[in-house]
Amino acid sequence: MKFLFVCIGNSCRSQIAEAVARHLGYSAQSAGTEPTNYIHKNALESLKHHKINTDGLYSKHLDDIVIDDDVTVVSMGCGVKCPNIKIDYDFNLDDPKDNDLDYFINLVSIIEDKIKRLDV
């Protein structure tokens with residue numbers, strides 16, 4: 001299964017989802033409509049807390065991603081509107097950027113659970 005996780009900044013939720021999905025054995029990418037060009041420190045630390053590899057993560061623009069027909073596209077819940085991309089699922093998660101590390105650590109578990117529950 002291939003996933004593309006999309007949001008606005010591509011610095012928190014979608015990066016976590018990309019890493020978690022890969023950890024679960026899926027092919028995954030993430031991208032944003034307005035990427036920040038960095039990954040939030042708490043996103044990285046929370047993944048390390050869960051012993052999830054962060055190698056290869058970087059903030060990407062949605063325009064730089066090739067989307068095949070067999071990719072499942074998941075919005076992280078930030079109201080991303082992609083007129084040329086069909087959103088298959090929406091995780092409906094608030095932007096965690098202003099929260100502490102404990103919030104992010106819990107968010108990793110929430111995202112992992114949501115990925116496992118996808119009907120794909």
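Remark on Val73: its backbone amide H falls under 5 Å from those of Leu4, Asp88, Tyr89, a criterion applied only to residues 5 or more positions apart or on other chains, H modelled at 1.01 Å from N. To test your reading of the geometry: what angle, between 0 and 90 degrees and rounded to tens, separates the Cα axis of helix 13-23 from the longest principal axis of the chain? That helix lies at roughly 90 degrees to the long axis.
Here the convex hull built on the C-alpha positions of the range 60-120 has a volume of 101 cubic angstrom per residue. Averaged over residues, the count of other Cβ atoms within 10 Å places the peptides 58-69, 103-114, 5-16, 84-95 in the sequence 5-16, 103-114, 84-95, 58-69, highest first.
Calculated over the range 2-117, the projected area of the Cα convex hull averaged across directions stands at 6.3 nm².
Modelled spin labels at Asn84 and Tyr58, positioned 7 Å past Cα toward Cβ, are 2.2 nm from each other.
Computed from the coordinates by the stated procedures, all read-outs in this text should not be read as laboratory data. Computed from a prediction, not measured in an experiment: that's the story for all the values here. Cβ sites come from the backbone with ideal geometry, for glycine too, and all protein chains shown count toward neighbours.
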